[in-house]
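To start, the structure under review is shown below, and the notes come after it.
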Amino acid sequence: MTPAFRSLLCILALALPAAALAQTTSPPTSASPTTNEYLLGRTYRVETTKGTTFTGSLVGLSLNGLEFDSPELGHISLQRDQVRHADLQGEAPGRAKAGYYDIGNGTRLFNAPTARGVRRGEGTLLTTYLFFVGGEYGITDNFSVGATVSLIPGVSLSQQAFVLSPKFTAPISEKVHLGAGVIYANIPFDDSNSGGAGIGYGALTYGGADDNLTLGLGYGFTSGEIGKTPVIQLGGQKRISRRISLVTENYIVADSKAGLGGLYGVKFNWRRTSLGVAAAYGYLFSHDKQRTDYYYDPNTGAYLPYTSNRHVDSQFGATYIIPVYLDFAFRFGSKK
């Protein structure tokens, strides 16, 4: 099994936690908010009483304070009386309808990470298949660390799997984010993989927290060996109602025997929790496979090798609407 395929299996088998928190919002009534009209998740052009101006997304608010994430200045905390003007910019990205609340920062699909980051001081606790438990926490707005452990019945604690997943993110604009990270899995019950396996990846995400598309590229590694075959990840999510998001993540192994597979399904959203349910599919492209056979040479009295090519037809398999993936997430954090 190549490092790329082994890493792909690790990703599909073990969940990568990430996400953020929740908050009720209402549609805007004015382009210049009064003290009670600030909307979480919206973008403002802010001028402070000291003359500083910046554009940022409102990620936290309280009776006396406001917190913005600005591509120009990073994370900014202000008292309300320090804001001279705060002009609302553009339309609400996916939260224009009444009752749409914050369901996180769009940091993951099902297993696959996006290039959007976990916000500082926020995190997620996650269980996948009921046998994998993990979490992720935002150290800063641009760096988070996640970990997952298996709790498989009948397997000793020393033989349980462990996954570590640090991730760096950088906003290029309000809708464009770049990310990079490593997913490392130590699976001691697999003797052929005693040194662990993983994948290093980069990702580009376009869109907001609720509606986004992600393109990723990764290379697997195991026992000090880096795979030569890249794994391409393409996925996205679309929030179609207050409680429901459609999600898909797809992986392509790009070599001479290329194939693809992935998950597709829904997430049910609440203010602090979410339930992900997905079916799976896999497709192997048709290809020629080289085969080595042996023939008996009467002149030498030995069996000599010869190679031949065998055509392998494309193969497709799916669970269709039968779910094979299940996760439950609880979001926590300082942005109330």
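Using 0.36 nm per residue, how much length does the chain from residue 80 to residue 130 gain when fully extended, once their Cα-Cα distance is taken away? Working shown, then result.
Values: separation 50, 0.36 × 50 = 18.00 nm, distance 4.38 nm.
Gain in length upon complete extension: 13.6 nm.
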Mind grabbing the base-10 log of I(q)/I(0) for segment 184-332 at q = 0.13 Å⁻¹? Debye formula, identical points on the C-alpha positions, no solvent, two decimal places. -0.84
Once the piece of chain linking residue 172 and residue 63 is laid out straight, how much longer is it, given 0.36 nm per residue of separation minus the C-alpha distance between them? 36.2 nm
Taking a ≥ b ≥ c as the square roots of the Cα gyration tensor eigenvalues, with a/c under 1.5 meaning rounded and otherwise prolate when a/b beats b/c or oblate if not, segment 137-191 comes out prolate
Starting from the 7 Å offset along Cα-to-Cβ, what nm value, one decimal, do you get for the label separation of residue 279 and residue 232? 2.5
At 7 Å along the Cα-to-beta-carbon direction for both residue 87 and residue 152, put a label point, then send me their distance in nm to one decimal. 5.9
Residue-ordered couplings for segment 60-73, obtained by feeding phi - 60° into the Karplus form 6.51 cos²θ - 1.76 cosθ + 1.60 and rounding to whole Hz (Gly and Pro as x), are x, 8, 9, 4, 10, x, 9, 10, 10, 9, 10, x, 7, 10
Which of 251, 295 is most accessible, then next, and so on - probe 1.4 Å: 295, 251
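Could you calculate the contour length gain from residue 49 to residue 288, that is, 0.36 nm times the residue separation minus the distance between their Cα atoms, to one decimal place in nm? All intermediate terms of the calculation are to be shown ahead of the outcome.
Details: separation 239, 0.36 × 239 = 86.04 nm, distance 6.94 nm.
Net length gain for the segment: 79.1 nm.
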Using the beta-carbon distance between residue 164 and residue 330 and R0 = 30 Å, what value does 1/(1 + (r/R0)^6) give for FRET efficiency, to the nearest 0.05? 0.90
Segment 121-221: C-alpha gyration tensor shape, a/c 1.5 cut-off, then a/b vs b/c: prolate
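Take 61, 215 and sort them by solvent-accessible surface of the protein heavy atoms, 1.4 Å probe, largest at the top. It would help to have the intermediate numbers written out before the result.
Values: 61 55, 215 95 Å².
Largest accessible area first, the residues go 215, 61.
The values are calculated or read from the model by the stated rules, or taken from the named source; none is laboratory data. It should be emphasised that the depicted structure is a prediction, and the values quoted were computed from it without experimental measurement. With ideal geometry, Cβ positions are generated from the backbone for all residues, glycine too; neighbour counts draw on all protein chains shown. Areas reflect the complete protein model, heavy atoms only, side chains present, ligands, DNA and RNA absent. Shrake-Rupley method; radii C 1.70, N 1.55, O 1.52, S 1.80 Å.
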